Amino acid sequence: PCFVEISRPGSTIVQYKSYRIVITKIPVSDGWEITAVKPIKVLNLEDYNLPEKLSERIKTKARGVIIAGETGSGKSTFAQALAEYYSSNNFITKTVESPRDLILSENITQYSKNLATSEEIHDILFLSRPDYIIFDEMRDTPDFKLFTDLRLGGSNVLGVLHGATPIDTIQRFIGRVEMGVIPQVID
């Protein structure tokens, strides 16, 4: 599959099979630049050799889970492995991505935050009631509010965000979500 994920006057992001192609031009960059990125690895959940307690938790009670780490640390690769695990165990699994660049089997629906509003994605997810939602690359306040609303509505949501330490990760929620609600949102 090939699709244009983002098209703006100074940039275009295309997903072509497993390649993410980022094209920039003036005024965003000082000239034309085309970068093609291919995923380094595709892993299964078993490839991670997780401790038994953590593995069991992910397999049976993954609600309000945050996958955090620095850029390039494998957060999205792990989220991709989780999505495939849930789907292969007959759970209806959907993703919210910006851009849609996870390489997933066809039975996992991937929603684009670039091509739909948070409200539209909210309505779709609440009305379709998936078993698991993988929210890849939570960045701005609307992302955190959508994650919070889905969690408070009872959905099993796993979020991916940048954070160098656990406290950095929690700090990303503070100011965007009421402090007293955070324990109900992040399990």
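Can you work out the base-10 log of I(q)/I(0) for segment 47-139 at q = 0.12, 0.16, 0.22 1/Å, using the Debye formula on its C-alpha atoms alone?
-0.37, -0.67, -1.26
So how tilted is helix 75-88 from the main axis of the chain? Cα-based, degrees 0 to 90, rounded to 10.
It works out to around 60 degrees.
Measure of size requested: the Rg and Dmax of segment 1-110, with Cα atoms as the atom set and Å as the unit; please supply both.
Using the Cα atoms of segment 1-110, the pair Rg, Dmax is 16.5, 51 Å.
Residues of segment 114-138 with the amide nitrogen closer than 19 Å to a label point 7 Å from the Cα of Ser11, along Cα-to-Cβ, please.
Backbone N within reach: 114-118, 136-138.
As an exercise, use a Förster radius of 25 Å and the Cβ-Cβ distance of Ser55 and Ile170 to find the FRET efficiency, rounded to the nearest 0.05.
Values: r = 23 Å, r/R0 = 0.94.
That pair, Ser55 with Ile170, gives E of 0.60.
Hey, with R₀ at 41 Å, roughly what FRET efficiency would Trp32 and Ile182 work out to, going by the Cβ-Cβ distance, to 0.05?
Numbers: r = 44 Å, r/R0 = 1.07.
E between Trp32 and Ile182, to the nearest 0.05, is 0.40.
In Å², and per residue, what accessible area does segment 1-41 have when probed at 1.4 Å with the other protein chains present? Kindly include the intermediate steps, with their values, before the conclusion.
Details: 3030 Å² over 41 residues.
Averaged over the residues of segment 1-41, the accessible area is 74 Å².
Return the distance in nm (one decimal) between the two label points of a simple spin-label model at Cys2 and Lys25, each offset 7 Å from Cα along Cα→Cβ.
With each label placed 7 Å out from Cα toward Cβ, I get 1.7 nm.
Over the residues of the chain, compute the C-alpha Rg and express it relative to 2.2 N^0.38 Å. Numbers along the way, then the final one.
Details: Rg = 16.7 Å, N = 187, 2.2 N^0.38 = 16.1 Å.
Here the Cα radius of gyration is 1.04 times the empirical estimate.
Report, in degrees rounded to the nearest 10, the 0 to 90 angle that the Cα long axis of helix 141-152 makes with the longest principal axis of the chain.
Value to nearest ten degrees: 30.
Against the longest alpha carbon principal axis of the chain, how many degrees, from 0 to 90 and to the nearest 10, is the axis of helix 118-128 turned?
The two axes meet at around 50 degrees.
Starting from the residue with the highest accessible area, list Arg100, Arg129 in decreasing order, probe 1.4 Å. Walk me through the numbers before you get to the answer.
Details: Arg100 50, Arg129 185 Å².
Largest to smallest exposure gives the sequence Arg129, Arg100.
Please report, in Å, the Rg and the Dmax of segment 76-187, where both are computed over Cα atoms only.
Over segment 76-187's Cα set, Rg and Dmax evaluate to 13.4, 39 Å.
What part of the accessible area of the chain, given as a whole %, is carbon or sulfur when the probe is 1.4 angstrom?
On the way: 5640 of 10550 Å².
Whole-percent figure for carbon plus sulfur exposure: 53.
The values are calculated or read from the model by the stated rules, or taken from the named source; none is laboratory data. It should be emphasised that the depicted structure is a prediction, and the values quoted were computed from it without experimental measurement. Neighbour counts are summed over all protein chains in view; Cβ atoms, including those assigned to glycine, are modelled from backbone coordinates with ideal geometry. Only protein heavy atoms, including side chains, enter the accessible area calculation; ligands, DNA and RNA are left aside. Shrake-Rupley method; radii C 1.70, N 1.55, O 1.52, S 1.80 Å.
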